[in-house]
Structures are given as structure tokens and as C-alpha cells.
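The values are calculated or read from the model by the stated rules, or taken from the named source; none is laboratory data. Bear in mind the structure is a predicted one, so any value in this text is a computation, not a measurement. All Cβ positions, glycine included, derive from the backbone under ideal geometry; neighbour counts span all protein chains shown. SASA here: full protein model, heavy atoms, side chains in, ligands and nucleic acids out. Shrake-Rupley method; radii C 1.70, N 1.55, O 1.52, S 1.80 Å.
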Amino acid sequence: METKEEEWLRFIDTLNHEFKTPLTSIIAAAGLLAEELETTADRSNQKLIQTIIQNSNTLETRLAELLDIVKTGSGKLQLQLEPVDMKSLILGTCMQISPLLRNKQQKINTEFPDSIPIIRGDGQRLEQVLLNLLTNAAKFTPEGGNIAVKVAKQDTGLMISVHDDGIGIAKEEQDRLFKPYSRLSSDRQRHPGLGLGLALSKQVVELHGGRIWVDSEQGKGSTFSFFIPRQAANQPT
């Protein structure tokens, strides 16, 4: 007989599947329609179809986050370990958010040491962590602002930092940033969401045997950093 936890996990998994199938069709159809309207429709219609695509993608992401956070809470989330080239991963993730940066006329800079060791970890999950941090940095940095990604070698692994010159975070709000469903009071008004991104990032980093933290001050930007060991802790080699 299933436990309540297993039953809940199965329910969320089924819900995710039931929503994802039609969402995938909506996104594909909207993409095809956007191509058709690119040269024939006025800008208002083009904007409407882009809104459909954007919000469909957002809903798909929220469903995936919800499933992941339930899995981490039940111990069901497993890392798929592989050799990871963190420099390539970081540069690729920066490319993914480049449209968002262009829309806000923001600049991103990367800083790497001369050589970076290969990490044994879950490349897709680490990309998920970095994408969340970069997306948050872009959201809370004003137009024309700057974002920086810095990699530093340490004895047992790598430290990756994402710095922005955005609005910053009050000290009293920093402790709850990495808890599920916790969001900044200013964030709730402007950026709808479940508040799962940082909580999931924390779970993924800790599954690797690392840690994640924030240094910030209101009005002076924020730096989110995470440390990843060369070999994911407590995982099979």
C-alpha cells in the first residue's frame, strides 16, 4: 500500500503529465502561428502571440518546479552524474538568457580562471541552478544594468557567483529566500510565481554536497554564490 507521501508524489507527477501534454501542443502551435504572423500581422497581434508563448512556457516551468520540489522533499530526486565542463555550461546558460538581457539593455560579463577542473555532477540540474540565478539577476536589475558571473577555483571544487547591481535584498528577508514558497514582498507585486526557484536550487546544490548563499544590501545589488565539489558527495562514482 502506498504511503500518503508516495500517493502525493504520484498525484503531482500525474498532474504534471496531464498539463504538460496539451501545453507542449499549445507552445508548438503558437510558435508556428508566430512564424506565419511575422510578416503579415500588425505588431499588436504579434505581441499577443508572444504573450501566449511566454506564459505557456512559464506555466510549463512552474509545473516542473512543483514536481521537483516535491521530489526533493521526499528524497526521490536523483542526480544523473556525468563529467561537467562548467565553463561551457556557464557560457551556454548566458546565451539562453540573452534575449531577456537584450530586452532590458543589460550587459553580462564572465570571469574564469586560466583552467577549470571537470566537475562530476548533474549537468542539467546545475544548469537549472545557474539559469534561475541569472534570471533573477536580470529581473531585479534595472534597464541598462550589469550582471557578472565569476568562477573561482577552490581546493575541493568550484565557487560560482552571480552578481547584479539591482535593488538588493533587506537583511531580514535573506534568511527565508531559500525556503519553498517564500518570496520578497516587492517580488510578489511585479513578478508572479510560486517562489520555488531558489528553494529547488538549494536542494540541487546540497545534493551535490555543496552549499548556496547570498550577500546583499538594499540599493547595492546582490551576489548569489554556490560551491560545488569536484565529486558530488554521497553519490556513486
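Observations on the model:
- By accessible area, using a 1.4 Å probe on protein heavy atoms only, segment 96-176 has 46% of its surface on carbon and sulfur.
- Per-residue ³J(HN,Hα) for segment 123-134, Karplus 6.51 cos²θ - 1.76 cosθ + 1.60, θ = phi - 60°, Hz, x for Gly and Pro: x, 5, 5, 5, 4, 4, 4, 5, 4, 5, 5, 5
- Amide H contacts for Arg211 (H built 1.01 Å from N in the peptide plane; partners 5 or more residues away or on another chain; cut-off under 5 Å): Phe227.
- Near Ile116: Cβ cut-off under 10 Å, other residues only, Lys/Arg at +1 and Asp/Glu at -1. The net charge is 0.
- Which listed pairs, of Lys47/Lys87; Lys87/Lys179; Lys47/Lys104; Lys107/Lys179; Lys47/Lys107; Lys47/Lys220, have C-alpha distances above 27 Å, in listed order: Lys47/Lys87; Lys87/Lys179; Lys107/Lys179; Lys47/Lys220
- For segment 155-163, backbone phi angles converted through the Karplus equation (6.51, -1.76, 1.60; θ = phi - 60°) give residue-by-residue couplings of 4, 10, x, 10, 10, 10, 10, 10, 10 Hz, Gly and Pro being listed as x.
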